[in-house]
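Chemist: Starting off with a structure, shown below.
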Amino acid sequence: MRIAILSDFHLGYDRFREDAFRQAQEALARAASGADALIIPGDIFDNRTPKPDVIAEAINLFRDLSKRTWGAKVTGFEGKGQHYTDIPIIAIPGTHERRAQDAADPVGLLGLAGLIVGISNATVMLEKDGERVAVVGIGGIADERFKQVVAESDPRPVEGAFSIFMFHESVYELLPFNESFIKQDELPAGFDLYVCGHIHNSVDSQVHGKKFLIPGSTVLTQLKAGEQEKKGLYIYDTKTGTYEFIGIESRRFVLVKVKMGADTTALEGVEREMEKAIGSSGDRPIVRVVVEGDSTSPRIGMELGMLQKKYQDKAVVEVSGPGISSTAKSVNADTEAPKFENMSIKDYGMGVFIEKLRQKGVSFGKVGPADLFDALSLEGSKDKAIRKALDMLL
Ligand SMILES: [Mn+2]
């Protein structure tokens, strides 16, 4: 059976909304034409409560796929999730879609509508010409709870079937940031293939001596050096154990670094680098200019602003550097600390939050730090958020 693995579409992602839709559409089309079944390890949506317009995008993406003739079909389901179709498109919610226990998440909605099979924590059986494939999935949850959930639910391969373990978490070897992240050898053993979302560049590794694949996101999100790589999906053949990475058309991303001295001669260098990055293909790439050294003089700020204006029709330009306020500022904080490579702002915030609580010696009972973080970050007003957090704690 040929299984397409594609992930992290981030539909509704504000900065590159159209890219998110168009690139997800291409990835799905390539997956459908090259595979018998599709598995999606999380973050179809950028937000746990997407607006109707964004839900409409997702419905448009999956409706036609649900009507085509598939090589494989779903023949069994056991566990928690939404199983209302035999269409072999199987997804888990990611960290961006995670909601409080028993609240409906947007991936679950697609499952309820019968457009996909949604897994919260379940085993799905697929069949094609007598060959059986089991997809055992656990939806994205707070990193520090994942090990516990794995221990409690004890995910196991299915005998007589090629078994895939699908999850959406930080893995310590790939994000050596927090000791609470699961390590590769702590993942449940015995599966034939391991598949994860969450990390936005593609990863080809091993777990328990078996293949471990992360396709990466289909859309650019963090504007870091690693994201200059090709976007795409994997297709894995269970019969031969072979697989390939299939690239999709994605907006080009070029990172330009410029050193700024005391004078402004480097500005010409910036322009030259921008011209080079934009090239002549007319595809309006994303160009992120990172200014190093001293760029605090008002003159430099102004000139860079003018450059940004001059090129706005030819490129999506973001400029960042010391003393420069730009839309890139928000991503700046985490790109300057290399250890946060691959980590979203939200995960980073959560890490800081947990660390602060630890320093203060807070011990947790039934309410974990992630639930508290969610309560504090989801409510519209500060008062409401604090009241909700206190309700949970007391
Ligand atoms: Mn993601």
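The values are calculated or read from the model by the stated rules, or taken from the named source; none is laboratory data. What you see is a predicted model; the values in this text were computed from it and never measured. Positions of Cβ are generated from backbone atoms using ideal geometry, with glycine treated the same way; all protein chains shown enter the neighbour counts. The accessibility values were calculated without ligands, DNA or RNA, using every heavy atom of the protein model including side chains. Shrake-Rupley method; radii C 1.70, N 1.55, O 1.52, S 1.80 Å.
Chemist: Straight-line reach only, C-alpha to C-alpha below 22 angstrom: list the lysines that LYS80 could link to, leaving out same-chain residues fewer than 8 apart.
Modeler: By straight Cα distance, LYS80 reaches LYS147, LYS366.
Chemist: Let's see if you can work this out: charge +1 on each Lys and Arg Cβ, -1 on each Asp and Glu Cβ, no other charges. What is the dipole magnitude of the range 2-247 about its Cα centre, in debye to the nearest 20? All intermediate terms of the calculation are to be shown ahead of the outcome.
Modeler: Working: 26 positive and 35 negative charges, 91 e Å.
Magnitude of the dipole: close to 440 debye.
Chemist: Also: What distance in nm separates the two pseudo spin-label positions at ILE345 and ARG145, each 7 Å out from Cα along the beta-carbon direction?
Modeler: Label-label distance for ILE345 and ARG145, simple model: 2.4 nm.
Chemist: At a 1.4 Å probe, what is the % contribution of carbon and sulfur to the accessible area of the chain? Don't skip to the end; give the middle numbers.
Modeler: Details: 9120 of 18140 Å².
Carbon plus sulfur share of accessible area: 50 percent.
Chemist: Counting pairwise Cα distances across the range 253-327, what percent come out greater than 19 angstrom? Kindly include the intermediate steps, with their values, before the conclusion.
Modeler: Details: 690 of 2775 pairs.
So the pairs more than 19 Å apart make up 25 percent of the total in the range 253-327.
Chemist: Name the residue from LEU307, VAL207, GLY197 whose Cα lies farthest towards the positive end of the charge dipole of the chain, charges +1 on Cβ of Lys and Arg and -1 on Cβ of Asp and Glu.
Modeler: About the Cα centre, the residue reaching furthest to the positive side is LEU307.
Chemist: Of the listed pairs LYS183/LYS259; LYS224/LYS356; LYS310/LYS382, which have alpha-carbon separations greater than 30 Å here? Working shown, then result.
Modeler: On the way: LYS183/LYS259 39 Å; LYS224/LYS356 27 Å; LYS310/LYS382 41 Å.
Pairs exceeding 30 Å: LYS183/LYS259; LYS310/LYS382.
Chemist: For the range 1-114, give the magnitude of the charge dipole about the Cα centre (Cβ charges: +1 Lys/Arg, -1 Asp/Glu; no others), in debye to the nearest 20.
Modeler: Details: 14 positive and 16 negative charges, 41 e Å.
Result for the range 1-114 is approximately 200 debye, rounded to the nearest 20.
Chemist: Let me ask something else about it. Given a 1.4 Å probe, how much area per residue of the range 87-170 is accessible, in Å²? Walk me through the numbers before you get to the answer.
Modeler: Numbers: 2950 Å² over 84 residues.
Heavy-atom accessible area per residue stands at 35 Å².
Chemist: Relative contact order (percent) for the chain, with alpha-carbon contacts under 8 angstrom and 6 or more residues of separation?
Modeler: It comes to 13 percent, rounded to a whole number.
Chemist: Translational D (Stokes-Einstein, µm²/s) of the range 59-209 at 4 °C and 1.567 mPa s when Rh comes from the Kirkwood sum over C-alpha pairs?
Modeler: Values: Rh = 16.0 Å.
Reported coefficient: 81 µm²/s.
Chemist: List the lysines whose alpha-carbon lies under 21 Å from that of LYS128, not counting same-chain residues fewer than 8 positions away?
Modeler: LYS67, LYS73, LYS239
Chemist: Please give the residues of the range 15-31, grouped as numeric ranges, whose backbone N is less than 15 Å from a label point set 7 Å along the Cα-to-Cβ vector of THR240.
Modeler: Inside the label zone: nothing.
Chemist: Sticking with this structure for a sec: Using a 1.4 angstrom probe on the protein heavy atoms only, line up TYR311, TYR348 by accessible area, largest first. Spell out each step's value before the answer.
Modeler: Numbers: TYR311 5, TYR348 70 Å².
Descending order: TYR348, TYR311.
Chemist: Given a 10 angstrom Cα cut-off, can you work out which residue in GLY190, GLY351, GLY160 is the most mobile in a GNM of the chain?
Modeler: Answer for the Gaussian network model of the chain: GLY160.
Chemist: Here's a follow-up. Taking each pair of different alpha-carbon atoms in the range 131-273 once, compute 1/r for the pair, average those values, and report the inverse of that mean as the Kirkwood hydrodynamic radius in Å to one decimal. Walk me through the intermediate numbers first.
Modeler: Numbers: mean 1/r = 0.0569 Å⁻¹.
Result for the range 131-273, one decimal place: 17.6 Å.
Chemist: With springs only between Cα atoms under 10 Å, which of ALA29, ALA91, ALA37 fluctuates most in a Gaussian network model of the chain?
Modeler: Of the options given, ALA29 has the highest mean-square fluctuation.
Chemist: Using a 10 Å cut-off on Cβ atoms, rank the peptides 191-204, 50-63, 70-83 from the highest mean neighbour count down.
Modeler: Numbers: 191-204: 22.5, 50-63: 15.9, 70-83: 17.6.
Order by mean packing, descending: 191-204, 70-83, 50-63.
Chemist: Could you state the angle between the C-alpha long axis of helix 143-153 and the longest principal axis of the C-alpha atoms of the chain, as a value from 0 to 90 degrees rounded to the nearest 10?
Modeler: 10
Chemist: For the chain, just run the numbers: alpha carbon Rg, then divide by 2.2 N^0.38 Å, N being how many residues it has. Please list the in-between numbers first.
Modeler: Numbers: Rg = 22.2 Å, N = 394, 2.2 N^0.38 = 21.3 Å.
Against the compact-globule rule of thumb, the ratio is 1.04.
Chemist: Taking the C-alpha atoms of the range 1-125, how large are the radius of gyration and the largest Cα-Cα span, Dmax, in Å?
Modeler: Both quantities, over Cα of the range 1-125: 13.4, 39 Å.
Chemist: Further, regarding this structure: Taking the range 209-258, which trypsin sites (Lys or Arg not before Pro) meet the DSSP loop condition and have no more than 14 other C-beta atoms within 10 Å?
Modeler: Details: sites: LYS210, LYS211, LYS224, LYS230, LYS231, LYS239, ARG251, ARG252, LYS257; in loops: LYS224, LYS230, LYS231, LYS239, ARG251, ARG252.
Counting only loop positions with at most 14 other Cβ atoms within 10 Å, the trypsin sites (Lys or Arg not before Pro) in the range 209-258 are LYS230, LYS239.
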